1. Take the chain, connect every pair of alpha-carbon atoms lying under 10 Å apart with a spring to form a Gaussian network, then pick out the residue of THR117, THR126, THR22 with the largest mean-square fluctuation.
2. For LEU40, what accessible surface area do you get with a 1.4 Å probe? Give it in Å², rounded to 10.
3. What are the radius of gyration and Dmax of the stretch 88-140, computed over its Cα atoms and given in Å?
4. Need one value: the accessible area of LYS111 in square angstrom, 1.4 angstrom probe, rounded to the nearest 10.
5. Out of (1) 15.7, 47; (2) 23.6, 77; (3) 25.3, 76, which label holds the value of Rg and Dmax of the Cα atoms in Å that was computed here?
6. Can you figure out the FRET efficiency of LEU37 with ALA57, using R₀ = 41 Å and their beta-carbon distance, to the nearest 0.05?
7. Rolling a 1.4 angstrom probe over the protein chains, ignoring ligands and nucleic acids, what is the accessible area of GLU79 in square angstrom, nearest 10?
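The values are calculated or read from the model by the stated rules, or taken from the named source; none is laboratory data. Predicted, not measured: the structure shown is a model, and the values here were computed from it. Here Cβ is always computed from backbone atoms with ideal geometry, including for glycine, and neighbour counts include all displayed protein chains. The protein model used for the area step is the full one, side chains on, heavy atoms only, and it has no ligands, DNA or RNA in it. Shrake-Rupley method; radii C 1.70, N 1.55, O 1.52, S 1.80 Å.
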Amino acid sequence: MAKQNSTQKTETQSPVQQMAGTEVSFFIPNTEELGQLENLEDKFSLTMKYKTADDWARLIDQEIRCFFMGMKEIPNDKEELVNCGVFVTKTECFIAGGKTLVDAVRQLPTKSPISITYRGKKANKTVDGSTMIFDVKTLG
């Protein structure tokens, strides 16, 4: 009978199986903290959301103050990678891919405080469709 060496055994085991017999410790909240959990208010969404044209339309002429956190490529409906800006407000994280918005922020340093105001759409002169118009200002 062939003997299995330890590297072969590790490669075929799941991470949980590899940790079997290992002591693990972690902290859990005390009973008072657990009891308060149900009464706590939502403060901040950690779920990254893509702001669509419809989302922006609901926010027309409303200023959004946020931090620009950098650029991220995400796939569109056609599975093509699109450059998007990543933003954080005091209540949410969001990604936006509007070309005029992305062009305005792409060169800013990470964690730049900015103001974004969506102004609506403007018909394109040379191609079908429209362009979303944003006023973007740095804050300081």
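1. THR22
2. Approximately 110 Å² of LEU40 is accessible to the 1.4 Å probe.
3. Both quantities, over Cα of the stretch 88-140: 12.7, 39 Å.
4. The accessible area comes out at roughly 140 Å².
5. Of the listed options (1) 15.7, 47; (2) 23.6, 77; (3) 25.3, 76, (2) comes from this structure.
6. Details: r = 37 Å, r/R0 = 0.89.
With a Förster radius of 41 Å, E is 0.65.
7. Answer for GLU79: close to 140 Å² accessible.
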